[in-house]
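Down below is the structure, laid out as structure tokens.
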Amino acid sequence: MEHITLITTGGTIDKRYGVGLGVRDLYIGKPFALDFLMNMIGVNIKIDHTAQMSRDSLDFTDDDRTWVAQMCKLAQADKILITHGTDTMIQTAGFIHKSGIATRRTIVLTGALQPAIMRNSDAEFNLGLALGACLSLHSGVYIAMNGVYRWDMCIKHPETGMFIPN
């Protein structure tokens with residue numbers, strides 16, 4: 001049986017709307033990835049959800065990135081899937097890479113451009129893509145957004161929000 005560790009950090013994938021009006025009523029809710037991955041039919045994978053943070057990636061600090069890297073280091077599995085906000089996903093991936101943790105682990109970061117609860121969200125696609133990448137790639141740090149890229153071989157396009165090769 002395959003074994004992965006899931007680390008959830010918040011971001012758009014987990015955003016929900018409050019009862020009021022406006023963008024200010026967005027909040028980060030229960031991790032979508034946990035329910036999605038645990039309820040996949042026909043998948044024989046052990047999933048440890050050992051760490052959770054609820055933060056918009058624009059609010060991430062180096063202390064937050066240190067925490068994510070530490071959670072990767074403490075993970076029971078050598079295959080790690082991290083949900084993360086897309087705005088600073090590449091910076092966190094670079095931080096993990098520079099920590100040296102990925103020399104013996106496969107670490108894949110993913111997220112969504114639209115909250116998972118919204119119609120036409122890319123959340124399910126990106127999570128499935130990230131899971132497949134996590135299970136099949138060699139050690140290193142990767143981004144699974146609209147495709148799978150080594151962390152330093154992609155950018156988030158400033159106009160479309162899509163991740164593309166750089």
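The values are calculated or read from the model by the stated rules, or taken from the named source; none is laboratory data. All of these numbers come straight from a predicted model, not from anything done at the bench. Don't worry about glycine lacking a Cβ; one is built from the backbone with ideal geometry, like all the others, and counts go over all protein chains shown.
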When residue 135 is run through (1) assigned to a helix (DSSP H, G or I); (2) without any contact (Cβ under 8 Å) to a residue 12 or more places away in the chain; (3) over 14 Å from the mean Cα position of the chain (by Cα); (4) within 20 Å of residue 37 (Cβ to Cβ), the failure sits at (2)
Residues that are among the hydrophobic types (A, V, I, L, M, F, W, C), more than 17 Å from residue 69 (Cα to Cα), modelled with pLDDT of 95 or more and in a loop (DSSP other than H, G, I, E, B): does region 114-126 have at least one?
no
Number of the condition not met by residue 161 [criteria: (1) in a loop (DSSP other than H, G, I, E, B); (2) touching an Asp or Glu at 6+ places or on another chain (Cβ under 6 Å)]
(2)
What number of residues within region 138-158 are in a loop (DSSP other than H, G, I, E, B) and free of Cβ contacts under 8 Å to residues at least 12 places away in the same chain?
2
Being part of a strand (DSSP E or B) and either of a type in the set (S, T, N, Q) or in contact with a Gly (Cβ under 6 Å, 6 or more places away or on another chain) (or both) is the filter here; which residues of region 103-113 pass it?
106, 110
Just for region 142-166: of the residues that are more than 10 Å from residue 90 (Cβ to Cβ) and touching a helix residue (DSSP H, G or I) at 6+ places or on another chain (Cβ under 8 Å), which one is surrounded by the most Cβ atoms within 10 Å (Cβ to Cβ)?
144
